[in-house]
Amino acid sequence: MSNRTLNGEQFAQMILLGAHHLSNQANMIDSLNVFPVPDGDTGTNMNLTMTSGAKEVEQLNSKHVGEISNAFAKGLLMGARGNSGVILSQLFRGFSKSVQDKETLELQDLADALQSGVDTAYKAVMKPVEGTVLTVSKDAAKAGVEAVNSVETVIDWFDIVLKEAKASLNRTPDLLPVLKEVGVVDSGGQGLVTVYEGFLASLKGEELPEHASQPSLDELVNAEHHKMHQDFMETEEIEFGYCTEFMVKFEEEKLAKNSFDEQQYREELSEHGDSLLVVADDEVVKVHIHAEYPGEVMSIGQRYGSLINIKIENMREQHSAIVDEKPVNTNAELKKKNHVQKWLL
Amino acid sequence: MSIEVRNEYGTVSISKEVITTIAGGAAVECYGIVGMASRKQLKDGLSEILGKENFSKGVVVRGEDGDIDIDMYIIVGYGTKVSEVAHNVQNQVKYSLKKMIGLDVNTINIYIHGVRVTS
């Protein structure tokens, strides 16, 4: 077997690791979900879809690439959930159609199969929206086809595919305005990149980085806020009124008295509000929370060190400003006087 | 019939045509939908000849007194999980109507009118 060939065993391993990696990152992907409906389920849906595909592959126990890929596509189809899940199942339905008679895959076959997946996926939609998982898959496959003759091994080739997928993912906000507005990349695209990361790690025989492509805290905060604005139609409904962000810089003396446990800290804070995000390393812990009493939340933080970069915003004020902007024929007086329009039917 | 929204400054009325167009526009962007099935052949045929984008094709809005029901006649791509595509359409249409005109619909009924096989 040369380095330009992929056998069935390797292929099955790729799928299993891809699914495993996706399920690790599902929560993170959920939090990026703002399009088409910001309901925060992209990661969950893709994970369920992918798990269903991987299960078929496990049960099959074959070494024939065509058979494996067929089983995988079938599992994906049966388990498809959500938009991104349906798209994922189409991508691999096309992939599997292209390789069904092949026991092992040459590099050229792989590239063709990837492209065939994209072609199939684009056929099942009337008006493809660019800046989504479709775009990411298309760009990655294109890079793959172009790279076939310039690389030595399957690993090098997949490296290029993954690199382009990531680059394409970072371009999604330029194509889809809502992503740019919120300040996140596309969640479905992130899901596909995650699967590809699993594939490549499997080919290389590497351990998977647990935080391979963690979005920044800023991205997560943006997505949380976006979801919140969708959730509350009326300002009065906001239960926790202050968006509170701060960092705690750990101090030795205080830690000696109160040892810091991230999980426990998170649980304690969660009683004070929602939209909670906690990220800790050895020196600092960053906190974002929507709370009614920000002072109490910060007091808890002070047990472990000193507070830095504090930012507190009154969300009820902000929200009424946003709600006022919504009606089309709004004017200045209306903005001041009337916070919420009542829709009487 | 149109839907009326009253506030202290006056009335905003939203025609059924608007609801139809928003629902249709949301649906055609949904993954898995390859077409809409015409319910009004004369009107749809005419817009086709005129080359106009016709979002109202295959969408029927029924309703009185704020109880709005929407029927959508769709054609899906072969090889997709049809039940999931239908569910995604419902979800997306509901969200679009809520976001753009603040309308809560009663039901969104999906009729799968065909499956298109593309080689």
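The values are calculated or read from the model by the stated rules, or taken from the named source; none is laboratory data. Everything quoted here is computed from the prediction, not taken from an experiment. Every residue, glycine among them, receives a Cβ derived from its backbone with ideal geometry; neighbour counts consider all protein chains shown. Please note that ligands, DNA and RNA were not included when accessible areas were found on the heavy atoms of the full protein model with its side chains. Shrake-Rupley method; radii C 1.70, N 1.55, O 1.52, S 1.80 Å.
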>> So in region A:74-86, with the set limited to residues that are open to solvent by 10 Å² or more (accessible area, probe 1.4 Å) and in a helix (DSSP H, G or I), which one is farthest from A:Leu105 (Cα to Cα)?
In response: A:Asn83
> Do we have any residue at all in region B:52-59 that's surrounded by 19 or more Cβ atoms within 10 Å (Cβ to Cβ) and at the interface with chain A (Cβ under 9 Å from one of its Cβ atoms)?
Replying inline: no
> Inside region B:35-63, can you point out the residues that are farther than 23 Å from B:Thr118 by Cα, at pLDDT 80 or above and among the aliphatic types (A, V, I, L, M)?
Replying inline: B:Val59, B:Val60, B:Val61
> Residues A:Gly188, A:Gly144: which one is in contact with a helix residue (DSSP H, G or I) (Cβ under 9 Å, 6 or more places away or on another chain) and touching a residue at least 60 places away in the same chain (Cβ under 8 Å)?
Replying inline: A:Gly188
> Can you find a residue in region A:100-107 that is surrounded by 24 or more Cβ atoms within 10 Å (Cβ to Cβ) and away from chain B (no Cβ under 13 Å)?
Replying inline: yes
> Taking into account only those residues within region B:90-119 that are among the polar types (S, T, N, Q) and either open to solvent by less than 60 Å² (accessible area, probe 1.4 Å) or under 12 Å from the mean Cα position of the chain (by Cα) (or both), which is nearest to B:Val18 (Cα to Cα)?
Replying inline: B:Ser96
>> Please list, ordered by residue number, the helices (runs of 4 or more DSSP H) wholly in region A:292-342 having 1 or more residues that are within 14 Å of chain B (Cβ to nearest Cβ) and at pLDDT 50 or above.
In response: A:315-325
> Tell me, which residue of region A:122-152 that is among the polar types (S, T, N, Q) and open to solvent by less than 10 Å² (accessible area, probe 1.4 Å) is farthest from B:Ala27 (Cα to Cα)?
Replying inline: A:Ser137
> Is at least one residue of region A:153-162 surrounded by fewer than 17 Cβ atoms within 10 Å (Cβ to Cβ), over 20 Å from the mean Cα position of the chain (by Cα) and part of a loop (DSSP other than H, G, I, E, B)?
Replying inline: yes
> Counting only residues that are open to solvent by less than 20 Å² (accessible area, probe 1.4 Å), of a type in the set (Val, Ile, Thr) and assigned to a helix (DSSP H, G or I), how many does region A:21-49 have?
Replying inline: 3
> Is there a residue being under 21 Å from A:Leu76 (Cα atoms) and without any contact (Cβ under 8 Å) to a residue 40 or more places away in the chain anywhere in region A:147-159?
Replying inline: no
>> Anything in region B:22-46 that is away from every other protein chain (no Cβ under 13 Å), open to solvent by less than 40 Å² (accessible area, probe 1.4 Å) and assigned to a loop (DSSP other than H, G, I, E, B)? List them, or say none.
In response: B:Ser38
> Out of all the residues in region A:117-127, is one or more within 14 Å of chain B (Cβ to nearest Cβ), under 28 Å from B:Asn54 (Cβ atoms) and small (Gly, Ala, Ser)?
Replying inline: yes
> Here are some residues: B:Ile19, B:Ile108, B:Ile49. Which one is among the hydrophobic types (A, V, I, L, M, F, W, C), outside any helix (DSSP H, G or I) and either away from chain A (no Cβ under 11 Å) or within 26 Å of A:Pro38 (Cβ to Cβ) (or both)?
Replying inline: B:Ile108
> Has region A:184-201 got at least one residue that is farther than 24 Å from A:Asn24 by Cβ, assigned to a helix (DSSP H, G or I) and open to solvent by 10 Å² or more (accessible area, probe 1.4 Å)?
Replying inline: no
>> Quick check on my filter: what residues within region B:2-21 are open to solvent by less than 10 Å² (accessible area, probe 1.4 Å) and under 29 Å from A:Tyr122 (Cα atoms)?
In response: B:Ile19
> Would you pick out the residues in region B:60-89 that are open to solvent by 80 Å² or more (accessible area, probe 1.4 Å), part of a loop (DSSP other than H, G, I, E, B) and closer than 30 Å to A:Lys97 by Cα?
Replying inline: B:Tyr78
>> Please go through (1) buried (at least 24 other Cβ atoms within 10 Å of the Cβ); (2) within 19 Å of A:Val193 (Cα to Cα); (3) within 12 Å of another protein chain (Cβ to nearest Cβ) for A:Ser52 and return the number of the only condition it doesn't satisfy.
In response: (1)
> Is there any pair linking a residue in region A:257-275 that is closer than 22 Å to A:Leu32 by Cα and not assigned by TED's automatic domain parsing to the domain that holds A:Asn27 to one that is exposed (fewer than 12 other Cβ atoms within 10 Å of the Cβ) and at pLDDT below 85, with Cβ under 9 Å and at least six apart or on different chains, and which?
Replying inline: A:Gly273/A:Glu239; A:Asp274/A:Glu239
